[in-house]
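Heads up: the structure comes next, in structure tokens.
The values are calculated or read from the model by the stated rules, or taken from the named source; none is laboratory data. This one's a predicted model, so the numbers in the text were calculated from it and none came from an experiment. Note that we place each Cβ from the backbone using ideal geometry, even for glycine, and neighbour counts take in every protein chain shown. These accessible areas exclude ligands, DNA and RNA; they are computed on the full protein's heavy atoms, side chains included. Shrake-Rupley method; radii C 1.70, N 1.55, O 1.52, S 1.80 Å.
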Amino acid sequence: MKPTKDSFHVDNDVKIAALLVASIASFFTPFMGSSVNIALPAIGLDFGADAILLNWVTNGFLLAAAIFAVPFGRVADIHGMKKIFTYGTILFTVASLFCALSPSAYLLIVSRVLQGIGSAMIFVTGLAIITSVFPPKHRGKAIGINVAAVYVGLSLGPVIGGLMTQYLGWRSLFLMIIPIGLLVVAIVFWKLHDEWAASRGEKFDWIGSILYSVMLFLVMYGFSSLSQQDGWVMLIVGIVGFFAFLRWELRTKSPVFNVRLFKNTAFTFSSLAALINYSATFAITLLLSYYLQYIRGFEPQTAGIILVAQPILMAITAPLAGRMSDRVDARIIATIGMAIVTLGLFTFTFIGSDTPLTTIIIGLAVLGLGFGLFSSPNTNVIMGSVERRFYGVASATVSTMRLIGQTMSIGIATLVFALLLGRVQITPEQYTALLGSIHICFVVFTVLCFVGVFVSWYRGESGYQEEKDGPEKQTE
């Protein structure tokens, strides 16, 4: 291969610019998520929405992002990473304006769906661009910085989100994203003049994309609606659709998702470990936001400050873990991280109305340490286990596992809330049922993460096929 922009022979200023824009974008999407979680009680009060409808402010975003991640990953491989990244940033920015102007909860959910589509375009390309410009021996460090940006967003979201919600109103959260999005677009046009499209000229699999999107919608929506009969029907139909999707992808010449990648044990079990980890952890902020504001009576600002302990430890640990995964078998680091997350979740199964705040903060810190150790090495394994022309799909897989896991996490919480609380606004009369729901959720999450420890370890020894075998052998 000649040294072009599609190899690792790129200038340092391009590498820095690519890492900068990807990290800024990776900052403001989770920032939006964590700050909106803090603002949900205020949004519910403003619109008179119940807890189930409020959960869809988060779930609608996640559902859209997951559905479009793989198709846009393939589009980016064919037409260019930078192009899709830029369009995604613009869409996310415009959708943020729509969110801020929403007159009802339902229109807010629709606007969040648009944000989710933009987020899918950003995440599948940002990580792929980083992987394209950084060689394997430095990739873990770069991914660690990018993951740290995610955690900084998660860290600042509850604090800034709590302050802004309390003093400026929840709509200000969406308005502040607009200048950040414009800044990212400006840097892209200023510094990134090259394009990354390793599959340029290949056909796009429209049938596979439609099958994938419909299947994933049915599975994710059905799972989040299991408290209703039609939820079970949609879930079963979605599972049947999954097998139809697999059959089509194995037969078509240019699949939207090369399912043969799952023959790679490291790729498969690392992806499954990510799915389990996010399924067991994403709803923590939502649950503790409800706990701290409803049951303990804290204001959004105070609740946000308490919740910041987890992502701060993530932001500190992720770059270090990413750098370690360039030198040490990533399986060991990631599995230790998963085990620590399990321990942190277990401590919250005993949470009560009088649990000391120090215990909650320590539990959050343990979770942050574990997740920071898990995420960067696990992502490094996934991206390093495929050849270059599948970077977009691999990046989309990382995003999809995260988003499906996040949706499943919120879905579990929604299901438990529906069974114990029902569709009612949360008032002091429901606090006992709310606390019971939180207990059950943490028990389920602890069991999930305990299983994830064995999945993470079973993936086998991690290594970079790109370095060991050369790009031609990676999918054989």
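Quick check on this structure: which one of S96, S23, S111, S7 is modelled with pLDDT of 90 or more, over 25 Å from A418 (Cβ atoms) and small (G, A, S)? Lay out the reasoning, then the answer.
Details: S23 fails: modelled with pLDDT of 90 or more; S111 fails: over 25 Å from A418 (Cβ atoms); S7 fails: modelled with pLDDT of 90 or more.
Of S96, S23, S111, S7, the one residue that is modelled with pLDDT of 90 or more, over 25 Å from A418 (Cβ atoms) and small (G, A, S) is S96.
Scan segment 201-222 and tell me whether some residue there is outside any helix (DSSP H, G or I), surrounded by 22 or more Cβ atoms within 10 Å (Cβ to Cβ) and of a type outside the set (K, R). Show your work before the answer.
Let us first name the residues in segment 201-222 that are outside any helix (DSSP H, G or I), namely 201-205.
Those left that are additionally surrounded by 22 or more Cβ atoms within 10 Å (Cβ to Cβ): none.
Scanning segment 201-222 turns up no residue that is outside any helix (DSSP H, G or I), surrounded by 22 or more Cβ atoms within 10 Å (Cβ to Cβ) and of a type outside the set (K, R).
Select from segment 300-350 the residues that are of a type in the set (K, R) and either touching a helix residue (DSSP H, G or I) at 6+ places or on another chain (Cβ under 7 Å) or over 18 Å from T379 (Cβ atoms) (or both) and list them in ascending order. Reasoning before the result, please.
Here is the first cut: in segment 300-350, the residues of a type in the set (K, R) are 323, 327, 331.
Listed by number, the residues that qualify are R323, R331.
Results for (1) touching a residue at least 60 places away in the same chain (Cβ under 8 Å); (2) in contact with a Ser or Thr (Cβ under 7 Å, 6 or more places away or on another chain), shown as yes or no for each residue.
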residue: N12; (1), (2): no, no
residue: F27; (1), (2): yes, no
residue: N37; (1), (2): yes, yes
residue: G44; (1), (2): yes, no
residue: I52; (1), (2): yes, yes
residue: G80; (1), (2): yes, no
residue: S96; (1), (2): yes, no
residue: S104; (1), (2): no, no
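From the set of residues in segment 154-175 that are under 21 Å from the mean Cα position of the chain (by Cα) and at pLDDT 80 or above, which is surrounded by the fewest Cβ atoms within 10 Å (Cβ to Cβ)?
Keep residues of segment 154-175 that are under 21 Å from the mean Cα position of the chain (by Cα), which gives 154-161, 173-174.
Cutting the leftovers down to at pLDDT 80 or above gives us 160-161, 173-174.
Numbers: I160: 21, G161: 29, L173: 25, F174: 25.
In this case the residue turns out to be I160.
Can you pull out the residues in segment 245-257 that are without any contact (Cβ under 8 Å) to a residue 40 or more places away in the chain and exposed (fewer than 13 other Cβ atoms within 10 Å of the Cβ)? Working first, answer last.
Start the filter on segment 245-257 by keeping residues that are without any contact (Cβ under 8 Å) to a residue 40 or more places away in the chain, which leaves 245-247, 250-251.
Scanning segment 245-257 gives R247, L250, R251.
Checking L127 against (1) more than 20 Å from A64 (Cα to Cα); (2) at pLDDT below 80, which test does it fail?
(1)
Name the residues in segment 190-229 that are at pLDDT below 75 and among the polar types (S, T, N, Q), would you?
S199, S224, S225, S227, Q228, Q229 - these are the residues of segment 190-229 that are at pLDDT below 75 and among the polar types (S, T, N, Q).
Can you tell me which residue among L369, L345, L357 is touching a Ser or Thr at 6+ places or on another chain (Cβ under 6 Å), modelled with pLDDT of 85 or more, open to solvent by 20 Å² or more (accessible area, probe 1.4 Å) and closer than 30 Å to L163 by Cβ? Can you show your working first?
On the way: L345 fails: open to solvent by 20 Å² or more (accessible area, probe 1.4 Å); L357 fails: touching a Ser or Thr at 6+ places or on another chain (Cβ under 6 Å).
Of L369, L345, L357, the one residue that is touching a Ser or Thr at 6+ places or on another chain (Cβ under 6 Å), modelled with pLDDT of 85 or more, open to solvent by 20 Å² or more (accessible area, probe 1.4 Å) and closer than 30 Å to L163 by Cβ is L369.
So the check is Cβ under 7 Å with 6+ separation or different chains; which pairs have a first residue in segment 363-380 that's without any contact (Cβ under 8 Å) to a residue 24 or more places away in the chain and a second one that's open to solvent by 10 Å² or more (accessible area, probe 1.4 Å) and not basic (K, R)?
G363/T347
I'd like the full set of residues that are open to solvent by 10 Å² or more (accessible area, probe 1.4 Å), under 17 Å from the mean Cα position of the chain (by Cα) and either farther than 19 Å from V444 by Cα or at pLDDT 80 or above (or both), limited to segment 382-430.
Those that are open to solvent by 10 Å² or more (accessible area, probe 1.4 Å), under 17 Å from the mean Cα position of the chain (by Cα) and either farther than 19 Å from V444 by Cα or at pLDDT 80 or above (or both): V398, M401, M408, I412.
Looking at segment 89-138 only, could you name the residues that are crowded, with 24+ Cβ neighbours inside 10 Å, farther than 21 Å from Q406 by Cα and among the basic types (K, R)?
Once the filter is applied, which keeps residues that are crowded, with 24+ Cβ neighbours inside 10 Å, farther than 21 Å from Q406 by Cα and among the basic types (K, R), segment 89-138 yields nothing.
Does segment 65-78 contain any residue that is open to solvent by less than 30 Å² (accessible area, probe 1.4 Å), touching a residue at least 12 places away in the same chain (Cβ under 8 Å), assigned to a helix (DSSP H, G or I) and farther than 21 Å from T397 by Cβ?
Looking for residues that are open to solvent by less than 30 Å² (accessible area, probe 1.4 Å), touching a residue at least 12 places away in the same chain (Cβ under 8 Å), assigned to a helix (DSSP H, G or I) and farther than 21 Å from T397 by Cβ, one finds none in segment 65-78, hence no.
Scan segment 296-317 and give yes if some residue there is open to solvent by 50 Å² or more (accessible area, probe 1.4 Å) and either touching a Cys at 6+ places or on another chain (Cβ under 8 Å) or within 21 Å of V219 (Cβ to Cβ) (or both), otherwise no.
Within segment 296-317, not a single residue is open to solvent by 50 Å² or more (accessible area, probe 1.4 Å) and either touching a Cys at 6+ places or on another chain (Cβ under 8 Å) or within 21 Å of V219 (Cβ to Cβ) (or both).
Which residue is farthest from G384 (Cα to Cα), if the candidates are limited to segment 245-268 and must be aliphatic (A, V, I, L, M) and under 26 Å from the mean Cα position of the chain (by Cα)? Reasoning before the result, please.
From segment 245-268, those aliphatic (A, V, I, L, M) are 246, 250, 256, 259, 261, 266; that's our starting set.
When the remaining residues are screened for being under 26 Å from the mean Cα position of the chain (by Cα), the result is 246, 256, 259, 261, 266.
Details: L246: 24, V256: 20, V259: 17, L261: 12, A266: 10 Å.
Filtering segment 245-268 for residues that are aliphatic (A, V, I, L, M) and under 26 Å from the mean Cα position of the chain (by Cα), the one farthest from G384 (Cα to Cα) comes out as L246.
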